[in-house]
1. Which ones in the range 15-46 are under 11 Å from the mean Cα position of the chain (by Cα) and not β-branched (Val, Ile, Thr)?
2. Could you check, for the range 98-118, whether at least one of its residues is touching a Leu at 6+ places or on another chain (Cβ under 9 Å) and either among the basic types (Lys, Arg) or modelled with pLDDT under 95 (or both)?
3. Within the range 6-55, track down each residue that is in a loop (DSSP other than H, G, I, E, B) and among the basic types (Lys, Arg).
4. If we scan the range 106-123, do we find a residue that is over 17 Å from the mean Cα position of the chain (by Cα), farther than 24 Å from PRO53 by Cβ and part of a loop (DSSP other than H, G, I, E, B)?
5. Go through the range 54-68 and count every residue that is closer than 19 Å to VAL31 by Cα and surrounded by fewer than 21 Cβ atoms within 10 Å (Cβ to Cβ).
6. Filter the range 24-50 down to residues that are in contact with a helix residue (DSSP H, G or I) (Cβ under 8 Å, 6 or more places away or on another chain), open to solvent by 60 Å² or more (accessible area, probe 1.4 Å) and aliphatic (A, V, I, L, M), then give me how many there are.
7. Of all residues in the range 72-101 being of a type in the set (Asp, Glu) and either within 18 Å of ILE42 (Cα to Cα) or surrounded by 14 or more Cβ atoms within 10 Å (Cβ to Cβ) (or both), which is farthest from the chain's Cα centre (by Cα)?
8. Spot the failing condition for ALA95; the list is (1) closer than 20 Å to PRO53 by Cα; (2) touching a Phe, Trp or Tyr at 6+ places or on another chain (Cβ under 6 Å), and only one is missed.
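The values are calculated or read from the model by the stated rules, or taken from the named source; none is laboratory data. Being a predicted model, the structure only gives us computed values, none of them experimental. Cβ: placed from backbone, ideal geometry, glycine included. Neighbour counts: every protein chain shown. Note: accessible area is taken over every heavy atom of the protein model, side chains too, but ligands, DNA and RNA are not part of it. Shrake-Rupley method; radii C 1.70, N 1.55, O 1.52, S 1.80 Å.
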Amino acid sequence: MNHNSYDNAYIAGILNSVRTIAVVGASANDVRPSYFVTKYLIGKGYKVYPVNPGHAGKEILGRMTYASLTDIPQAIDMVDVFRASAAVPVIVDEALKLDPLPKVIWMQLTVRHDEAAARAEAAGIQVVMNRCPKIEYARLAGEIGWSGINSGVLSSKRPVMREGFQSFGIRAK
C-alpha cells in the first residue's frame, strides 16, 4: 500500500469500524498532544485504553492506564502510536502477539516505520502512518471546517449523529 497518501474512504472505513483504541504513549499532562487526542476520541464514543508504563495502574482521563498492550483486558481494534518512529517495531511486535489481532496500527503525525508497517500488513492489519485520528475524524466529519480550515471534503448532506459528546459521525463514501 502507498502510505504517502490515503483515500478518504480508507480512513473513514477505519474510523467507522473501530470501537476500542489503545493509545500507546498516552500522557497525563494536559498540554501534550496525546492527552487531547485521547480526550477527543473518548468524547467521540470510542473506548480508549491509555498505555504508558510510567502511569500504569493510575488513571488518565478517568481511564485505567496499562503498562503494555498485552495488559489490556479487552480486544483492541486500533493501536494509536504516540511514540518515536524508532519505537514502532517493538510496538508492532507486541500487537502481533495479541489474540485477536488489532484491525489497525495507526502512527501519529511524524511517526513512520515502513518495515514494521509491512509486517503488520502481512498479518492482515491495516496501517496508517503520519496521520492523526483526531484531525482525520474532524476533517471527514466536517468539524474542522467550523474553524475555517479547508477539509477538502464537500457535502450538502446532513451530518450523521454518532454516540459521544457533540459527535458527528463520519459519512462512509
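1. LEU15, ARG19, ALA22, SER34, TYR40, LEU41, TYR46
2. Within the range 98-118 (the criterion being touching a Leu at 6+ places or on another chain (Cβ under 9 Å) and either among the basic types (Lys, Arg) or modelled with pLDDT under 95 (or both)), the answer is no, since none of the residues qualifies.
3. Of everything in the range 6-55, those that are in a loop (DSSP other than H, G, I, E, B) and among the basic types (Lys, Arg) turn out to be ARG19, ARG32, LYS44.
4. The answer is yes; a qualifying residue exists.
5. Let us first name the residues in the range 54-68 that are closer than 19 Å to VAL31 by Cα, namely 54-55, 58-63, 65.
From the residues that got through so far, the ones that are surrounded by fewer than 21 Cβ atoms within 10 Å (Cβ to Cβ) too are 54-55, 58-59, 61-63.
Summing the residues that are closer than 19 Å to VAL31 by Cα and surrounded by fewer than 21 Cβ atoms within 10 Å (Cβ to Cβ) in the range 54-68 gives 7.
6. Matching residues across the range 24-50 total 0.
7. Filtering the range 72-101 for residues that are of a type in the set (Asp, Glu) and either within 18 Å of ILE42 (Cα to Cα) or surrounded by 14 or more Cβ atoms within 10 Å (Cβ to Cβ) (or both), the one farthest from the chain's Cα centre (by Cα) comes out as GLU94.
8. (2)
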